[in-house]
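The values are calculated or read from the model by the stated rules, or taken from the named source; none is laboratory data. Computed from a prediction, not measured in an experiment: that's the story for all the values here. For neighbour counting, all protein chains shown are included, and Cβ atoms are generated from backbone atoms with ideal geometry for every residue, glycine included.
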Amino acid sequence: MEASKKLPEKLQDALQEGVLKRLPLTFLPFVNQQLREWDFLFPNERRSTESLIIYVNSRSPGQSAALFRDVVRLENEMGVRQWQFSTEEQTIRNSSQLARSPQFQQWRQAVQAVYDEADRQAMQTSGGRVNPRNRAIVIDIPASLPMEEAEAWRHWHGMGRRVKLQPLAPGLSQGGLEGVLTGLIANVAQAGGSSNPREGSAEESPGESWVIDGASSLVDACLAEVPSAAPSRAILLSYARLDPCREILSHEMNNMRKDLSDADSVYDHLRKVDVTPFCPPEVARDPAVREFVRALYLSGNGAVIFGNSFVEWAAAEALRRARPRLLAARFTLRSKPKPFTGVAVFENPDQVNPLPAVDDNPGSAVDAEILAVYIWLAAIRYEEYMQSTVCVCIAESLGEVYLIAPPEFALRETTEPLPMDRLADSLRSWLS
Amino acid sequence: MNRSLGPGDVSRRLSLSRREFLRGATGAVLGSTLTGASPFVHGEGSRRKRKVIVITFGGGARDQETFAPQGQENIPHLLNELAPQSSFFTHVTNQGILGHYVATASLATGVYETLNNFSAVPPDHPTVFEYFRKDLRRPSSDAWVVAPSNGFNRIGESDCRSYGPGLGATVILPKHLLQAASSGSGLSLDHLLLDNYENPLYTPTLEGGEFELNQLDQILRLSVSDFMAHARTLSSPDELSVYIAKRLMKEESPSLLWITMHDMDIAHSGAYSLYIEGIRRTDRLCGELWAAVQNEPEYKDNTTLFILPDFGRDADYDAGGNGFQHHRTGDAASRTTWMMALGIGVREKVIYDEPMQSIDLVPSLGAIMGFSPQLAQGKPIKELL
């Protein structure tokens with residue numbers, strides 16, 4: 001998965017001037033990997049790496065030494081130079097060595113302080129503006145996941161409020177929601193510029209809409225209904241449509257680990273597996289999205305096992321890495337784990353245990369209730385989402401939504417049962 | 001939400017909430033209000049008979065799913081049956097590496113170990129089993145470990161020169177036994193051994209020290225077919241572990257038995273309901289094990305049981321984590337936990353708020369059982385002495 005390098009000119013200049021020599025040892029694995037995999041980064045990630053390197057390059061040697069003083073001191077205390085420490089890429093061995101060090105927490109804080117300083121400088125350079133555009137997060141917990149009215153929103157701890165939806169005609173609930181989302185994606189697409197997500201500099205923002213589906217109906221609807229220019233600007237991830245990709249990676253994991261000596265060897269091998277033929281077209285065509293999916297599956301977060309874990313982890317990573325304006329996520333139904341199937345270890349329980357799969361509707365609902373909150377919490381870690389983001393979590397089984405919205409959002413104070421199309425109009429207008 | 005509190009504040013608050021809840025739920029009193037001599041009897045004769053069982057959770061559980069009010073429905077046995085008989089320590093911190101093997105190894109040595117969590121390596125410092133056997137001249141049959149996954153197979157003894165090989169505990173990995181027992185039957189259970197929830201990419205291979213299949217019959221008086229038949233009635237690895245532990249108690253009656261539960265660590269997969277199910281199962285199994293103690297003449301009235309998670313899990317609001325799923329942030333919720341002690345020599349219905357560390361367990365066991373854990377860095381818990 002080697003990326004070609006098309007680095008911005010200022011960044012190339014800084015690298016030629018030897019800026020990497022000024023970075024502490026523990027910064028190099030991350031920075032080198034980011035530079036090598038530039039094509040696989042989202043604009044927000046490029047901006048972050050670029051601003052750090054250009055900031056360091058803009059300082060005198062003495063100033064940059066001062067910037068990294070705490071990190072370097074901690075590296076010396078930890079004895080990093082005596083470690084078997086890769087400076088080319090982030091490895092499990094690296095992480096393990098760092099985590100085993102008594103100075104690990106201090107080191108994390110020192111690294112964060114450097115990034116905070118670089119971000120402050122970048123903010124000052126740009127006139128102190130964070131991208132002010134309105135954003136929305138729409139989460140759907142489908143009707144097949146039965147939520148209990150009294151318990152449904154307990155994990156939200158009063159961050160927003162519940163609003164009843166006007167009942168839709170029977171059978172229309174999912175279609176209604178899909179209509180809302182595809183309309184919103186089209187809206188975001190119209191507000192954007194280039195239709196090619198990988199074109200241009202880090203200043204542009206392709207992939208402003210993300211749709212993450214624990215099954216496939218939502219992504220299928222988007223592919224069918226969104227105007228032709230939009231899909232290339234919306235990143236569409238369906239757990240079910242990614243089945244072949246997940247299965248090939250699971251197969252590799254389960255077969256090769258018998259022959260390899262450590263987790264890094266396993267990880268290296270899995271990074272080289274060509275998954276493109278196993279990805280649906282909307283993923284295969286974009287290397288950054290394809291590698292995003294691979295990273296999700298290799299991060300040990302359950303994304304390869306359960307559709308709902310995939311939804312939450314993909315959403316959290318999308319927010320961290322790409323900062324989309326619109327993120328739509330739909331949870332799904334999973335089966336009950338079968339006894340002794342090693343559920344969390346990349347096994348397909350249907351292959352391991354011949355018992356028929358049984359749906360776990362209540363368990364899936366319990367999972368979705370808290371994972372929905374985690375998506376919102378993942379968003380508000382970032383400044384872009386703190387002020388001007390509307391979050392709507394739809395509980396289809398209850399016929400209501402949980403709404404978190406800034407004062408400017410038209411429906412913030414509404415008390416009446418809300419028609420779905422009015423909610424859609426308000427969100428469209430919010431994102432326009 | 002505890003976003004504005006520092007780690008120390010959060011840690012104290014967690015401890016206080018456990019205390020208040022337990023006082024209400026069990027009618028317990030604060031340990032600081034008690035005076036008088038220790039209930040432990042220090043006579044050598046009593047020590048020789050004394051049994052100690054340690055249950056650790058090698059998959060942390062948070063307060064909100066256990067001892068906080070909203071979690072109480074998940075732990076009816078711990079709360080209603082065991083806590084009223086126990087001394088409960090509300091403020092146990094783990095200042096070491098938050099990986100299950102390394103943290104459990106730290107619990108067993110009384111030193112914050114720094115070994116690679118994902119390698120099959122022995123602890124650097126002597127384990128409680130080595131101190132116990134060497135100092136008290138006990139045979140290998142007197143110290144056992146029942147552990148959940150391959151990574152734990154070296155936890156029975158260190159590679160410390162003055163202790164080490166031959167002086168530790170025998171480690172039983174029940175899933176490994178099940179896999180071995182099933183070979184040749186046409187039923188492949190190899191997948192059971194790919195069981196590391198923390199790092200599913202790699203599971204170390206077994207390297208010595210573990211219980212072999214042929215010992216099923218010799219030691220546990222259990223035929224392979226009976227073992228397989230019983231295993232088929234169970235639904236989880238922890239149930240299998242407790243089954244093996246009860247069998248060991250019956251056939252070998254070890255004085256020092258260490259069991260690590262693992263089911264709740266399925267939290268890493270992101271399925272909250274399965275994590276809760278794991279906690280409920282562990283709660284039930286703790287109750288079953290205590291009932292087994294009461295039913296085994298060798299254990300009844302001379303056993304002290306310790307129950308403690310190796311650490312917690314990340315808080316929902318820590319920006320570096322992903323809530324219940326992991327223990328990667330090192331925040332207060334992931335480092336602060338509790339310990340319950342019950343049985344012979346332990347005051348009942350007492351709550352202790354004084355901070356202690358998880359590495360204090362081994363020195364406390366040493367003081368209780370009469371061995372000297374010289375290299376342990378924790379301190380004996382004075383409330384247990």
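Quick one: count up the residues across segment B:55-69 that are assigned to a strand (DSSP E or B) and surrounded by fewer than 24 Cβ atoms within 10 Å (Cβ to Cβ). Working first, answer last.
Quick first cut of segment B:55-69, residues assigned to a strand (DSSP E or B) only: B:55-57.
After this cut, where a residue has to be surrounded by fewer than 24 Cβ atoms within 10 Å (Cβ to Cβ) as well, the list is none.
Residues flagged as assigned to a strand (DSSP E or B) and surrounded by fewer than 24 Cβ atoms within 10 Å (Cβ to Cβ) within segment B:55-69 amount to 0.
Counting only helices (runs of 4 or more DSSP H) that sit wholly inside segment A:358-432, those with at least 2 residues that are without any contact (Cβ under 8 Å) to a residue 40 or more places away in the chain and closer than 30 Å to A:Asn44 by Cα are A:420-431. As a summary of the residue check, A:Ala316 satisfies the conditions (1) assigned to a helix (DSSP H, G or I); (2) more than 16 Å from A:Trp210 (Cβ to Cβ); (3) at the interface with chain B (Cβ under 10 Å from one of its Cβ atoms) except for the one numbered (2).
State all residues of segment A:352-380 that are of a type in the set (D, E, K, R), crowded, with 16+ Cβ neighbours inside 10 Å and out of contact with any Lys or Arg (no Cβ under 6 Å at 6 or more places or on another chain); if no residue qualifies, say none.
We begin by selecting, within segment A:352-380, every residue of a type in the set (D, E, K, R); these are A:359-360, A:367, A:369.
The next check asks that each one be crowded, with 16+ Cβ neighbours inside 10 Å; those that pass are A:360, A:367, A:369.
Result: A:Asp367, A:Glu369.
Considering the conditions (1) assigned by TED's automatic domain parsing to the domain that holds A:Leu20; (2) surrounded by fewer than 18 Cβ atoms within 10 Å (Cβ to Cβ), A:Trp107 is excluded by exactly one of them, (2). Within the set A:Gln112, A:Gln82, the sole residue that is at pLDDT below 95 and under 24 Å from B:Gly330 (Cα atoms) turns out to be A:Gln112.
Looking at A:Val19, A:Val71, can you tell me which residue is farther than 16 Å from A:Trp107 by Cβ and of a type in the set (A, V, I, L, M)?
A:Val19
Based on this model, can you work out whether A:Ser205 counts as modelled with pLDDT under 90, touching a helix residue (DSSP H, G or I) at 6+ places or on another chain (Cβ under 9 Å), crowded, with 16+ Cβ neighbours inside 10 Å and under 29 Å from A:Leu242 (Cβ atoms)? So A:Ser205 passes the test. Contact annotation: residue pairs with Cβ atoms under 6 Å, 6 or more positions apart or on different chains, pairing a residue in segment B:262-276 that is more than 7 Å from chain A (Cβ to nearest Cβ) with a partner that is hydroxyl-bearing (Ser, Thr, Tyr) and not in a helix (DSSP H, G or I), are B:Asp263/B:Ser236; B:Asp265/B:Tyr197. The requirement of being surrounded by 24 or more Cβ atoms within 10 Å (Cβ to Cβ) and either more than 14 Å from chain A (Cβ to nearest Cβ) or part of a loop (DSSP other than H, G, I, E, B) (or both) is not satisfied by B:Leu167. In the set B:Gln72, B:Gln95, only one residue is at pLDDT below 95 and not in a loop (DSSP other than H, G, I, E, B); that residue is B:Gln72. Selection over segment A:65-84 of residues that are away from chain B (no Cβ under 14 Å) and either of a type in the set (A, V, I, L, M, F, W, C) or crowded, with 19+ Cβ neighbours inside 10 Å (or both) gives a count of 9.
Residue by residue, here is whether (1) touching a residue at least 60 places away in the same chain (Cβ under 8 Å); (2) within 14 Å of another protein chain (Cβ to nearest Cβ) holds:
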| site | (1), (2) |
| --- | --- |
| B:Val293 | yes, no |
| B:Ala315 | yes, yes |
| B:Asp318 | no, yes |
| B:Trp338 | yes, no |
| B:Val350 | yes, no |
| B:Ser364 | no, no |
